[in-house]
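I have placed the structure first, in the form of structure tokens, so that the comments after it can refer back to it.
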Amino acid sequence: MEAFFSSGRVADLILLVLAVEAALLLAWRRRTGHGPSPRAVLALVLPGVALVIALRFALTGAWWGWIALVLLAAFAAHLFDLATRWRG
């Protein structure tokens, strides 16, 4: 289990789950006409994706600058999500 975490594979698994979640939400909307728009789905998952990438970098010993850059991207994605929700 230690190798699963230290190799960053746990982050890969989380990214896969996020991708499946986004695909299911988009499929639900296409099938029923209800649910979040593609833009809303992107806004929903993008901050999480960026945070998980930062986690992967941290677990695998990447340079701190890459981690900081991806965390900044997560913040920008979060602001995009807020703006999307604020507009309705």
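The values are calculated or read from the model by the stated rules, or taken from the named source; none is laboratory data. Computed from a prediction, not measured in an experiment: that's the story for all the values here. Don't worry about glycine lacking a Cβ; one is built from the backbone with ideal geometry, like all the others, and counts go over all protein chains shown.
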List every residue pair whose Cβ atoms sit under 6 Å apart, with the two residues 6 or more apart in sequence or on different chains, where the first one lies in the range 41-55 and is over 11 Å from ILE14 (Cα atoms) and the second, anywhere, is surrounded by fewer than 20 Cβ atoms within 10 Å (Cβ to Cβ) and of a type in the set (Val, Ile, Thr).
ALA43/THR84; ALA54/ILE67
Can you find a residue in the range 32-42 that is among the hydrophobic types (A, V, I, L, M, F, W, C) and over 19 Å from PHE80 (Cβ atoms)?
no
Could you say whether any residue in the range 6-20 is outside any helix (DSSP H, G or I), modelled with pLDDT of 95 or more, touching a Lys or Arg at 6+ places or on another chain (Cβ under 8 Å) and surrounded by 12 or more Cβ atoms within 10 Å (Cβ to Cβ)?
yes
Residues (part of a helix (DSSP H, G or I) and either at pLDDT below 95 or exposed (fewer than 14 other Cβ atoms within 10 Å of the Cβ) (or both)) located in the range 29-39
ARG30, ARG31, THR32, PRO38, ARG39
Among GLY61, GLY65, which is surrounded by fewer than 16 Cβ atoms within 10 Å (Cβ to Cβ), not aliphatic (A, V, I, L, M) and not in a helix (DSSP H, G or I)?
GLY61
In this structure, is ALA76 without any contact (Cβ under 8 Å) to a residue 40 or more places away in the chain, among the aliphatic types (A, V, I, L, M) and part of a loop (DSSP other than H, G, I, E, B)?
no
